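A.B. asks: Take a look at the following structure, please.
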Amino acid sequence: MVAFLFVLRKYRRQDSVNYSDDFISAAVVLGSLLIFRENERSVSQKLHWIDCYLRKRFSNASFNVIQIYKDVVDLGVDLTEYTNLANERLTIRQKIHLMEFLVRLGNTNGNINPRESELIFYLLTRLNLDLDDLDARIQDILIPGKKPEASTTKVRSHYFKILGVEESAGLQELKNAYRKLVKIYHPDNHGELDERERKEYVGKFLEIQQAYEILTAELNSQ
């Protein structure tokens, strides 16, 4: 099931005539993905930040941040389908606003960690945005004192490490590595997992999926 559609169907206000429902759903789903592997205290603090941020800007909207977070963690998210839906439903301005929201969310504790940076750069690509589309202050938060090219290269190298292949790997090698890892880490293949273990498997699976999607998309475009 696509978490984006699930969240929209479950939480959107039927009488809304503006874009706030789609934007709120995208913000909470992607925000949940950004923070769900952190410790319980940090997750709680950042969920509170999301709630305050959105309620300040969309005071008439109806949503439950904590419940959406739980649903996203339980369901997982197909990032390819999700970002395709986001591209269909959100304008360029809304997508830029969404990415700037995610950078601010990652920076609530004073810095953006490597995993958050990877996901943000990946989403920029999937939403057909460039780093230069973001406000200069947001760029400084995301890559303080570094050139975008250097940061992007570092992130790309990490994707190959996640899949356990060399940076010279071709499409077939990427596919073979992906299939092997999916068999190991897909949470549906481990019915005996408790809640904490399932959360860890979901996190690892999403990292594998993210790495595979962006590297294969890059090779297919060459």
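A.B. asks: Which Rg and Dmax, in Å, describe the Cα atoms of region 19-126?
C.D. replies: Cα-based Rg and Dmax for region 19-126 come out at 12.8, 35 Å.
A.B. asks: Quick check: the distance between the Cα centres of region 167-185 and region 70-129, to the nearest angstrom?
C.D. replies: With region 167-185 and region 70-129 each reduced to a Cα centre, they are spaced 24 Å.
A.B. asks: What is the sum of charges, Lys and Arg at +1 and Asp and Glu at -1, for the other residues whose Cβ falls under 14 Å from the Cβ of Val182?
C.D. replies: Surrounding charge for Val182 is +1.
A.B. asks: Quick one: what are the phi-derived ³J(HN,Hα) couplings along region 117-130, Karplus 6.51/-1.76/1.60 with θ = phi - 60°, whole Hz, x for glycine and proline?
C.D. replies: 4, 4, 5, 5, 5, 4, 5, 4, 5, 5, 8, 6, 10, 10
A.B. asks: Hey, can you rank 38-46, 101-109 by average C-beta count inside 10 Å, highest first? Provide the component values of the computation, followed by the final result.
C.D. replies: Details: 38-46: 13.3, 101-109: 18.8.
In descending order of packing, they fall as 101-109, 38-46.
Taken together, the values in this text are just the output of simple stated rules run on the coordinates, not laboratory data. Everything numeric here is computed off the predicted structure, so don't read it as measured data. Positions of Cβ are generated from backbone atoms using ideal geometry, with glycine treated the same way; all protein chains shown enter the neighbour counts.
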